[in-house]
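Let me begin by presenting the structure, written as structure tokens, before commenting on it.
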Amino acid sequence: MTRRMLIVGLGLAVALTGCFAKIQHLPAHPDKSAPVFAPLPDRPTLVGLAVSGGGSRAATFAAGALEALAGIRISETGETQSVLETVTHMSSVSGGSLATAYYALKKPAKSEPVLSGPGLSPAYERFFSGFKQDMQLNFQRKALARQFLNFRAFNPTKSAYSFAEVWDADFFDDATLSGLYEREKRGDAPQVIFNGTIYNSGRRLVLTTLPPSDFSYEFTKELRARLMAKGEQFTPEGRASFDRSLRRAKNQFIPLTFEDLGADHRTLPVSLAVATSASFPPVVGPVTYQTDGAGPFTHAGDGGLFDNLGTESLTTVFLNKLHPSRPAAKKALILVIDASYPFDEGTADLDQKEKGYQVFIDDPSRIVGIMEERANAYQAMLWHSLRTESALLPDYDHFKLIILRHTDAEWTKDDPIPAGCPTTLTPEEIGRTLRQIPTLFKIEEPCDGALLIAAAHKVVNKQRQRIVDFLR
């Protein structure tokens, strides 16, 4: 009886410990008239990498894509450099945030050349070798072990902290946003935006060292002025309705920063910023923040609920910097490293299931994916319409977006099969394998990781000339 009571008591202790809330407290911003991190100067050409969500699938594909981009040479005014040396910003979601943080914190310093002779320099060869391997580690197993060892079972908020602790122990060494900013300021890393979603309001939260002013693109005023200049006529009632719609659109389009919440986020661990971006309740997160221990609670999680590609934050910043009122930047390129799960991949499987609730068990993110598919369709229609009407968006010579999608890799029967994969794989089987890699923080099969890296090199090479032409 004593032993049984001990086991029951231990189980209750674990469960109850897991029920206690964990709050990430941030100090209040002492001087709201100045940004927490001083703005950095702009380059004439802005180059941003938008790195999608998708767990370790996205992180591994991003490592391969960055390696492939590193090998692309561009020549300007007689100087040859790598495409990576032109990158000014990175915006990421979920698994893409893990790869982005790793790259920004651990890449060689600016003084180390990316290229040497016909290929990468030895320092970058070593870096990418470790990068590709590290993104394929089983983070889920390590985080689960921490959950039980630290009596955090049944608490998804503390699961986010378990992941953060794993990443700190493995890679980040307790780096904070302040440490990241120092690397950005020296030019050792691009400026980074980790994207999350605020569950309180449904707005986007950007965990970043960029000042709030970089995101304050007043597109609503400009759109209204453009339409009026074109002679669009509104009744008083129609104009009021249009203005209300623009105000609502602005609130959803322009993200919030910690400074907007009144917080000083210099001490925020980079690992927790990544975990916030990757939190997907009820399994992981949300992460709860509070300013100065007295303000309202802000519950933040998966950036993919708002934009799983990380493009909207970059678009906002770049359009703001390309505006004639800020003439330092002349043109901008966004490369989208997209390893998001293909939504239509689950269709054939669901067609054969008679129990509809099975979708919640097999792929709970599919519910959010339905909304994301619809939002992406509206977003594409909006941007194409604005571009066609010459409203807000610069022309293609000054603002271009190129998508590098893992499922767009083209395979032939003559292509070499990556090491670790069955040599009998056909192009069709390779494509199917890439489409079905699950969204987890682990790579279950070594062949999956090898195929993701090979696919990254293929899609980058496919877009090589477009990238070079724009940057040249």
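Within the span defined as segment 202-218, every residue fails to be open to solvent by 30 Å² or more (accessible area, probe 1.4 Å) and in a strand (DSSP E or B).
Residue-wise test of (1) within 22 Å of Arg57 (Cα to Cα); (2) among the charged types (D, E, K, R); (3) in contact with a strand residue (DSSP E or B) (Cβ under 8 Å, 6 or more places away or on another chain); (4) not in a loop (DSSP other than H, G, I, E, B).
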site: Pro394; (1), (2), (3), (4): no, no, yes, no
site: Ile403; (1), (2), (3), (4): yes, no, yes, yes
site: Leu425; (1), (2), (3), (4): yes, no, no, no
site: Glu428; (1), (2), (3), (4): yes, yes, no, yes
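For segment 271-297, how many residues meet the condition of being more than 20 Å from Phe163 (Cα to Cα) and crowded, with 24+ Cβ neighbours inside 10 Å? Qualifying residue count for the region: 0. Of all residues in segment 293-305, those that are in a loop (DSSP other than H, G, I, E, B) and touching a Gly at 6+ places or on another chain (Cβ under 8 Å) total 1.
Could you please find all residues in segment 238-259 being acidic (Asp, Glu) and either surrounded by fewer than 16 Cβ atoms within 10 Å (Cβ to Cβ) or touching a Leu at 6+ places or on another chain (Cβ under 8 Å) (or both)? Result: Asp243, single match. For Ala455, the criteria (1) open to solvent by 30 Å² or more (accessible area, probe 1.4 Å); (2) in a helix (DSSP H, G or I); (3) in contact with an Asp or Glu (Cβ under 9 Å, 6 or more places away or on another chain) hold in every case but one, which is (1). Hey, does segment 220-236 have a residue that's more than 20 Å from Ala164 (Cα to Cα), surrounded by fewer than 20 Cβ atoms within 10 Å (Cβ to Cβ), within 22 Å of the chain's Cα centre (by Cα) and not acidic (Asp, Glu)? No, segment 220-236 has no match at all. What are the residues in segment 29-85 that are open to solvent by less than 10 Å² (accessible area, probe 1.4 Å), part of a helix (DSSP H, G or I) and either charged (D, E, K, R) or on the phi > 0 side of the Ramachandran plot (or both), if any? Of everything in segment 29-85, those that are open to solvent by less than 10 Å² (accessible area, probe 1.4 Å), part of a helix (DSSP H, G or I) and either charged (D, E, K, R) or on the phi > 0 side of the Ramachandran plot (or both) turn out to be Gly55, Arg57. Scanning segment 327-348 for residues that are outside any loop (DSSP other than H, G, I, E, B) and over 12 Å from Arg366 (Cβ atoms) gives Lys331, Ala332, Leu333, Ile334, Leu335, Val336, Ile337, Asp338, Ala348.
Figure legend. Inter-residue proximity from segment 409-432: first residues more than 23 Å from Ile337 (Cα to Cα), second residues in a loop (DSSP other than H, G, I, E, B), beta-carbon distance below 6 Å, spacing 6+ or different chains. Indicated pairs: Thr423/Ile417; Leu425/Ile417. In this structure, Glu112 qualifies as open to solvent by 10 Å² or more (accessible area, probe 1.4 Å), assigned to a loop (DSSP other than H, G, I, E, B) and at pLDDT 95 or above.
Yes/no per residue for (1) in contact with a helix residue (DSSP H, G or I) (Cβ under 6 Å, 6 or more places away or on another chain); (2) open to solvent by 30 Å² or more (accessible area, probe 1.4 Å); (3) farther than 17 Å from Ile443 by Cβ; (4) at pLDDT 95 or above:
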| residue | (1), (2), (3), (4) |
| --- | --- |
| Gln133 | no, yes, no, yes |
| Ala164 | yes, no, yes, yes |
| Trp167 | yes, no, no, yes |
| Phe172 | yes, no, yes, yes |
| Leu180 | yes, no, yes, yes |
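The values are calculated or read from the model by the stated rules, or taken from the named source; none is laboratory data. What you see is a predicted model; the values in this text were computed from it and never measured. When we count neighbours, we look across all protein chains shown, and the Cβ atoms used for this are built from the backbone with ideal geometry, even at glycine. For accessibility, only protein heavy atoms count, side chains too; no ligands or nucleic acids. Shrake-Rupley method; radii C 1.70, N 1.55, O 1.52, S 1.80 Å.
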